[in-house]
Amino acid sequence: MGIRYFVDKNYFPNYETYCPFGGAQALSSYFVNNTLTCSMTSLQIVMSLALIVLTLIISKLFCSYICPIGTVSEWLGKLGEKLSIRYTITGIADKVLRLLKYILLFITFYFTISSSELFCKKFDPYYASMTGFDSDVSIIMGIAAIVLVTIGSFYIRFFWCKYICPLGALSNIFRFFLMFIGAVGVYWAILSLGVHLSFVWLLIALCITAYILELLSINNRVFPLLKITRNIYTCTNCKLCTKNCPQAIDVASHKTVKHVDCNMCCDCVHVCPEKDTLAINHRGKKWLPAIILIILISIGFIIGKSFEVPTIAEYWGDAAAKGQMNIYEKSGLKNIKCYGSSISFANKMRRVKGVEGVTTYVGSHTVKIWFNPDIIDTLNIQKSIFVPAKVLIDKKISESDSLSVYNLKVDNFFDPYDTYYLTELLKHNQFIYGFTSEFGCPVNVTIYTSTDKSIDSKLVKNIIEQKQLNETNSNNSTNIIDLSYRVTKIEKLDKAISSSAFNEMMK
Ligand code: SF4
Ligand code: SF4
């Protein structure tokens, strides 16, 4: 994303796009509330499923091969090691500190499910630093997290990963898979008996049990399916593997490494001087985890791009009659961009007679609207979606001025974002004073210009049909927005209007 940002001017990175932790939160919110959390798409959800499969088959491969925080933390740790100031916490302190990440996991999921907003964005050091403290980030929590990662990693071995990271805690829950299945099964059974039991209890049970299992170093015999194994007959007990294990696991004393901190980085296998002594399940090669990781991520990427999970799916009509309803589908609504905008769209549609339900997909900015064809038709549905606008472009206009009026039909123009983009396009031209838009197929746009002779229909059409818009955002970087407005008809009114009539109309 970082490289593409500098070589592709049309690209604005979305730092959440591939985040499996965001996907897992979105999935949990979906199960509990039947809504996706803000701005989450099927790609993040599939990535979270890939994370679970990877954890079950191999180990916490996201931690060892992908996590950007883990990578920076490891670099800082190596620097601390070189300066001989890095310390490995052991004993009681280690055991107590391990609880922190489960508490954070609980808090993150609790607030995400309760609010359908990704709570982790408030303190995620990756998101905070990559977005330059985006408005979703809590400044205090973001700075605290960055300081913790930086200083903690420098002085303490894997401080963030072992003690703070909620994704590490979540991965451990999946690592203790039979416990996870058991807890979810019991919860499901209680619900199916008709007893209302809040999701909070399941969350608490999962966090506490995983913490206890981690403390007791109780490892699932089955999962992960792949483990590091040591051939005790060819091992010379040189202990290089132990010295080089980033997680400080005493590999040389195990026949099979089942330690909860092992994330299958394979550093021990790489460093072992004795051929075929350390392996994966006795035979597996050291590159096996990386190959499986690439295959699974690629499959996840293809699947994630090929379907879309609805952000909200609300149906307020008679469920029994749903089969008889018609569906109107519209893509490219740029204001359908998150959970909040989806909810406000649904609330607006609730007020339209004959509309029975709404499903939104923020990834493709698409809405599906269930409607009763006996009450409303698609043209009126489109009309109810459309937001007419009057935009006065801030220019000095004298009382004695008169204005030329251009009536246009504009295709691919339908939501409030189009009003904003059109304003941006027009305000760079000193002769244009404002515009109005009204519903039509295509949309009716009226543009008011000065009567200067250099303005004509061709110029107005060219301005509107520009393919790109340079937009300067709050941190002074420029976004390039692709546009596809098409003027299908344009006519200039024979008579100019007075500035007072224009001002009156714009009120
Ligand atoms: S590095 Fe290889 S030979 Fe040395 S102790 Fe570890 S497993 Fe044995
Ligand atoms: S070095 Fe070996 S034992 Fe240590 S985390 Fe990596 S794979 Fe696991």
Is there a residue in the stretch 218-227 that is touching a residue at least 12 places away in the same chain (Cβ under 8 Å), of a type in the set (D, E, K, R) and within 16 Å of ligand 1 (Cβ to nearest atom)? yes
Residues of the stretch 240-249 that turn out to be in contact with a Ser or Thr (Cβ under 9 Å, 6 or more places away or on another chain) and either more than 9 Å from ligand 2 (Cβ to nearest atom) or touching a residue at least 40 places away in the same chain (Cβ under 8 Å) (or both), as a count: 2
Residue set S29, S42; condition closer than 21 Å to V200 by Cβ, open to solvent by less than 30 Å² (accessible area, probe 1.4 Å) and of a type in the set (S, T, N, Q); output residue S29
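Is it the case that Y127 is buried (at least 18 other Cβ atoms within 10 Å of the Cβ), among the aromatic types (F, W, Y) and in contact (Cβ under 8 Å) with a residue 60 or more places away in the chain? First the steps, then the outcome.
Details: buried (at least 18 other Cβ atoms within 10 Å of the Cβ): yes; among the aromatic types (F, W, Y): yes; in contact (Cβ under 8 Å) with a residue 60 or more places away in the chain: yes.
Spelling it out, Y127 is indeed buried (at least 18 other Cβ atoms within 10 Å of the Cβ), among the aromatic types (F, W, Y) and in contact (Cβ under 8 Å) with a residue 60 or more places away in the chain.
Residues in the stretch 251-281 that are away from ligand 2 (no atom under 13 Å from the Cβ) and exposed (fewer than 13 other Cβ atoms within 10 Å of the Cβ): how many? Break it down into steps so the answer makes sense when it comes.
At the first step, the residues of the stretch 251-281 found to be away from ligand 2 (no atom under 13 Å from the Cβ) are 273-276.
In the following step, the residues that additionally are exposed (fewer than 13 other Cβ atoms within 10 Å of the Cβ) were identified as 273, 275-276.
Counting residues in the stretch 251-281 that are away from ligand 2 (no atom under 13 Å from the Cβ) and exposed (fewer than 13 other Cβ atoms within 10 Å of the Cβ) gives 3.
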Against the conditions (1) open to solvent by 40 Å² or more (accessible area, probe 1.4 Å); (2) touching a strand residue (DSSP E or B) at 6+ places or on another chain (Cβ under 8 Å), where does V96 fall short? Just the number, please. (2)
Of all residues making up the stretch 166-219, the number that are among the hydroxyl-bearing types (S, T, Y) and part of a loop (DSSP other than H, G, I, E, B): 2
Residue under evaluation W316, criteria (1) within 16 Å of ligand 2 (Cβ to nearest atom); (2) more than 30 Å from K239 (Cα to Cα), criterion not met: (1)
The lone condition N263 fails out of (1) within 15 Å of ligand 1 (Cβ to nearest atom); (2) within 23 Å of Y87 (Cα to Cα); (3) in a loop (DSSP other than H, G, I, E, B); (4) of a type in the set (S, T, N, Q) is (1)
Specify which of the listed residues (H270, H282) is within 16 Å of ligand 1 (Cβ to nearest atom) and not in a loop (DSSP other than H, G, I, E, B). H270
Condition check for I455: modelled with pLDDT of 85 or more, surrounded by 17 or more Cβ atoms within 10 Å (Cβ to Cβ) and of a type in the set (A, V, I, L, M, F, W, C): yes
Any hit, the stretch 220-237, residues being assigned to a loop (DSSP other than H, G, I, E, B), within 8 Å of ligand 2 (Cβ to nearest atom) and touching a helix residue (DSSP H, G or I) at 6+ places or on another chain (Cβ under 6 Å): no
Answer yes if at least one residue in the stretch 61-75 is open to solvent by 40 Å² or more (accessible area, probe 1.4 Å), touching a Cys at 6+ places or on another chain (Cβ under 8 Å) and either without any contact (Cβ under 8 Å) to a residue 40 or more places away in the chain or not in a helix (DSSP H, G or I) (or both), and no otherwise. no
In the stretch 410-430, the residues that are open to solvent by 50 Å² or more (accessible area, probe 1.4 Å) and more than 36 Å from the chain's Cα centre (by Cα): Q430
Can you tell me which residue among S342, S404, S400 is under 28 Å from V487 (Cα atoms), small (G, A, S) and not assigned by TED's automatic domain parsing to the domain that holds A50? S404
Those residues that are more than 10 Å from ligand 1 (Cβ to nearest atom) and assigned to a loop (DSSP other than H, G, I, E, B), I need them from the stretch 251-260; list them, please. K255, K258, H259, V260
Could you check how many residues of the stretch 62-97 are closer than 25 Å to G22 by Cβ and within 16 Å of ligand 2 (Cβ to nearest atom)? 10
Output the number of the condition that A248 fails; it satisfies all remaining conditions of (1) buried (at least 18 other Cβ atoms within 10 Å of the Cβ); (2) in a loop (DSSP other than H, G, I, E, B); (3) within 16 Å of ligand 1 (Cβ to nearest atom); (4) aliphatic (A, V, I, L, M). (1)
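The values are calculated or read from the model by the stated rules, or taken from the named source; none is laboratory data. Model, not experiment: these values are computed from the prediction. FYI the Cβ positions are ideal-geometry reconstructions off the backbone, even for glycines, and counts take in every protein chain you see. Just the protein is used for accessible areas: all its heavy atoms, side chains included, with ligands, DNA and RNA removed. Shrake-Rupley method; radii C 1.70, N 1.55, O 1.52, S 1.80 Å.
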